[in-house]
Amino acid sequence: ISLRGRRFAILDTIAMDDLRDAPRDGFNAAVDRIKAAGGIVAHIEIPDLHDAFAMAGPLFCADAYGCWKDLVEAAPEKMFPQILERVRAGRDVLAADYVGHWIKLREIRETYARATAGFDAVICPTAPILPPNLARLDSDPDYYRVENLLTLRNTRIGNLMGLASLTIPTPVPSCGIMLNGPAGSEAKLLRLGVSMTAALA
């Protein structure tokens, strides 16, 4: 399908924070080419995403520990220490908090769906950073913590909102542009991705 007349929303909440130079340049170049191909681009804010992100730790950690407790505790030495610490945090999440977070998250998903309903896809940089330094990840816990959270941040929006997502390369190496759509919209995203790939080539 053509990009002409297709409506894209740049999500300014969280997804565009703290972008490093290369991902920002790659995303901006991609947006320019989308517009040149006839796409319509607007900016949106969804402040409730901040509340969703605040609940991500308890929800994800509780799910992880609930699913993998037996494997984790049978051989904890096999896990990277910071991942082990994060997964084990799930054992301290109260059931009442877990259920309450899910109730609130479903409300935020409805808010997100209403805010994005008029667009063919919501776009953002796939990650705000370039691939981190592998050796430093292993030797510097603070560096690992910062880079890991940033690496996962923008894809976490799709996880929290229950979205379908597709990422394609931008003109800047190692930098992607991500298209987000409602659950079940994979076929549409793939068709848009074909046209966008051609526009960005």
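Here are the numbers for this structure:
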quantity: Reach of Lys188 by Cα under 28 Å, taken over lysines that are not fewer than 8 positions away in the same chain; calculated: Lys35
quantity: Computed over the range 1-74: relative contact order in percent, which uses C-alpha pairs under 8 Å that are six or more apart; calculated: 42 percent
quantity: Rg(Cα) / (2.2 N^0.38 Å) computed for the range 26-72, rounded to two decimals; calculated: 2.01
quantity: Mean Kyte hydropathy of 0.0 or more with a Cα span along the axis of at least 15 Å, helices from DSSP in the chain; calculated: 49-74, 186-200
quantity: Antiparallel content of DSSP bridges confined to the chain, in %, to 5; calculated: 55 percent
quantity: Amide N of the range 1-21 lying under 18 Å from the label point, which is placed 7 angstrom from the Cα of His43 along Cα→Cβ; calculated: 8-21
quantity: Label-point separation, Trp68 to Lys35 (7 Å along Cα→Cβ), nm; calculated: 4.2 nm
quantity: The range 95-201 - percent relative contact order, Cα under 8 Å, separation 6 or more; calculated: 28 percent
quantity: Ranked by how many other beta carbons lie within 10 Å on average, peptides 51-61, 136-146 from highest; calculated: 51-61, 136-146
quantity: Accessible area (Å², per residue) of the range 36-84, counting only protein heavy atoms and a probe of 1.4 Å; calculated: 57 Å²
quantity: List Thr170, Thr111, ordered by accessible area with a 1.4 Å probe, largest first; calculated: Thr111, Thr170
quantity: Simple Cβ-charge dipole of the range 30-166, Lys/Arg +1 and Asp/Glu -1, about Cα centre, in debye nearest 20; calculated: 280 debye
quantity: Cα pair distances of the chain binned at 10 Å [whole percent]; calculated: 8, 31, 33, 21, 7, 0
quantity: Whole-percent carbon and sulfur share, accessible surface of the range 31-140, 1.4 Å; calculated: 58 percent
quantity: Span from the the range 109-137 Cα centroid across to the the range 16-89 one, whole angstrom; calculated: 8 Å
quantity: Positive-end residue, the chain charge dipole about Cα centroid, Cβ charges, pick of Tyr98, Leu71, Ile1; calculated: Ile1
quantity: Cross-link partners of Lys69 among lysines (Cα-Cα below 21 Å; sequence separation of 8 or more within a chain); calculated: Lys78
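The values are calculated or read from the model by the stated rules, or taken from the named source; none is laboratory data. Because the structure is a prediction, the values reported are computed rather than measured. Glycine gets a Cβ as well: all are built from the backbone with ideal geometry, and neighbour counts include every protein chain shown. Each accessible area value is taken on the protein alone, full model and side chains, heavy atoms only, with ligands, DNA and RNA left out. Shrake-Rupley method; radii C 1.70, N 1.55, O 1.52, S 1.80 Å.
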